[in-house]
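Structure first, then comments.
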Amino acid sequence: MNNALNLIEVLENIISHIDKYDVKTQHSALLVNRKWCKITIQYLWSEPFSYRISERQLYKIIPIYMSFFSPDIIENLEKLHKLPVPTVKGSFNYPSYLRSFNLEFLGDALVEWVKTTGIGDQEEDSDSSESSEDESSDDNGIMYEGKSIESDSTEDKEQTSDNESSDEESSDDGSMFNYEIEEDSMELAEVEEYLLEQLCKLFISHSKKIKELSIGDLGIDGFFVDDMPKYNGATCLSHLVALELDGTTCSGKFIFGLSELCRNLSSIIIEDMDDESSFIDELEILIKNQQKLKRFQLVDITLDMSKVISCLKTQIDSLVEVSLRDVFIRDQESMKSLTYCSKLETLDLSFQEKKYYKSFIPLWYTNFPKLRNFEISMFYTWQDPAFIENTKAFLAINGKHLHGLTFGLTTNIYNAILQDIGRYCPKLTNLEINRIFDGVNNLIELLKTPLPLEKLIIEYNKTKLHRADDGILPPLQELVALKKLTHFEIGWIFSTENLSTLLENWDAPIVQFSYFCDEDIESHNSVLNRYIEIQKDKRNIKYHQVTTSSYQRNDVRASRVTLSIIT
């Protein structure tokens, strides 16, 4: 018995270390035998609505979850345009395994599934989907988990009490669709919203522990979202550690409900927000109720967030990452709360307008002793002379600790700042320069300093690619900062001759090199293959690949070329 228990513990330890995005390996593991299947199944179904499964395959698991609906819901669905509803449940309680819940992805999958039913003049989609139902794998060979799991795990019909679920649902559940539904009485959007609401109730009532919740733009009214913290079984949300919200999808009522349940959130991300002051008040309470908030991010919010920023002082002992992208903060005094975050490791700031920038002044002259990554960007149509001086002051105070630096600025600001990076940031390993950057003189001078760069990204102009004329960059061997480089992406167009000169005698341990060309790709392949041959013995290169993708913007046509190396 002890040996058997030890074996199960070993198997759980092994399977838990499979990369969560490696669905193919997880699926193979559950096919080994009954024990492997029972252990693997909980990982495979822990976050189905994510990037792990291609959009083309994701909708196929909707019927599997629907099979766990209560009889009254199934009866209603059969009346809604005669929707096909499974009557046989799966061998496992799949909803109980849910740990990461992305409501937007669920909505997208649901829309695709509804199309396959033929509702609302969807005959063509229905025909195409019927032919794909018989597919057991996508283009990458990842098998459709729902269908395969059902067919390959039928020998295991036993379920522990922990996995057993109750299908009892109250008919008076407060749903906006709590009425008798007549055939063909609902519009397509109403059908989708009804299904989405019922699936949310299913997951919350079955799952024991939802740790990540993401609610994006649903494309529907989604009134039911505000009531989610009051659903039967909503205590599963008390285990949340990561919350990501589109502020236009839910209201202060939803935030209030979460603030009563959640105490262990380590990450809060809010994007967009409607003009609703109660949302801000409830968000303030939610933040204060957390024990150790580590990551906080606001994106594209025009409401005054001074109160929210001010309440971050309650989390100064745990905050390690703060991102404020185009956020309006009227009260400059509130920003002082962030100056006390002595454990801050990542700071990300973006300003679309001057009014977003002025309140951040207290940060520029604050020492963050543990800061490792700093990202700053501004809208290119406005210039503020104080911006350069403030950025320089910040780098002078905090640069000695920085490992990652990302700029989204304008050329004249780069020319004033780049020359100081080598002096202020001696430990810099990752440097990214995006938005507009056409001048290179100061960049070259920077790359001649002994910076230990490992990753360098020089992003291309979004409207016009920059052409690397003869002599624009010296051979890479002359740029001392690139001796340890592993990733190099540059958004400029290079000729074959310039590429050859650039790579001459370059011995950096590069594993990915990306650039643009508008000439014969075969000639560029020849240059890159010659470079590989020279480096093969020096670096013990086992494999390399050159891939290309087309680019067209306005009158510019080019190909992005990427060299990938495995040693």
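The values are calculated or read from the model by the stated rules, or taken from the named source; none is laboratory data. Keep in mind it's a predicted model, so treat the numbers as computed, not measured. Glycine gets a Cβ as well: all are built from the backbone with ideal geometry, and neighbour counts include every protein chain shown.
A few points about this structure:
- Some residue of region 538-547 being loosely packed, with under 15 Cβ neighbours inside 10 Å, among the aromatic types (F, W, Y) and more than 20 Å from E497 (Cα to Cα): yes
- Counted residues, region 63-82 - those being farther than 11 Å from Q198 by Cα and within 33 Å of the chain's Cα centre (by Cα): 3
- Out of L237, L202, L258, sole residue that is aliphatic (A, V, I, L, M), closer than 19 Å to L312 by Cβ and buried (at least 18 other Cβ atoms within 10 Å of the Cβ): L258
- Yes/no for L405 being closer than 23 Å to E478 by Cα, surrounded by 19 or more Cβ atoms within 10 Å (Cβ to Cβ) and in contact with a His (Cβ under 7 Å, 6 or more places away or on another chain): no
- Hey, V299 part of a strand (DSSP E or B), in contact with a Lys or Arg (Cβ under 6 Å, 6 or more places away or on another chain) and not aromatic (F, W, Y) or not: yes
- Within region 420-434, the residues that satisfy the criterion of being surrounded by 16 or more Cβ atoms within 10 Å (Cβ to Cβ) and in a helix (DSSP H, G or I) are D420, I421, G422, Y424.
- Evaluating Q512 against the criteria (1) free of Cβ contacts under 8 Å to residues at least 12 places away in the same chain; (2) of a type outside the set (K, R); (3) under 20 Å from L456 (Cβ atoms) leaves one unmet condition, (1).
- All conditions in (1) surrounded by fewer than 16 Cβ atoms within 10 Å (Cβ to Cβ); (2) assigned to a helix (DSSP H, G or I); (3) of a type outside the set (F, W, Y) hold for K292, with the sole exception of (2).
- Scope region 261-289; condition assigned to a strand (DSSP E or B), buried (at least 18 other Cβ atoms within 10 Å of the Cβ) and not aliphatic (A, V, I, L, M); matching residues: E271
- Some residue of region 368-390 being in a helix (DSSP H, G or I), touching a Lys or Arg at 6+ places or on another chain (Cβ under 9 Å) and surrounded by fewer than 19 Cβ atoms within 10 Å (Cβ to Cβ): no
- Taken together, the criteria place H524 among residues that are in contact with a strand residue (DSSP E or B) (Cβ under 6 Å, 6 or more places away or on another chain), over 20 Å from T406 (Cα atoms) and free of Cβ contacts under 8 Å to residues at least 40 places away in the same chain.
- A search for C-beta distances below 6 Å between a residue of region 308-336 that is on the phi > 0 side of the Ramachandran plot and any residue that is crowded, with 18+ Cβ neighbours inside 10 Å and assigned to a loop (DSSP other than H, G, I, E, B), counting only pairs 6+ apart in sequence or on different chains, returns D326/Q352.
- Flag for I510 being in the same structural domain as I472 (by TED's automatic domain parsing), under 17 Å from H487 (Cβ atoms), part of a loop (DSSP other than H, G, I, E, B) and not small (G, A, S): yes
- Residues (out of contact with any strand residue (DSSP E or B) (no Cβ under 7 Å at 6 or more places or on another chain) and part of a loop (DSSP other than H, G, I, E, B)) located in region 302-319: T302, D304, I316, D317, S318
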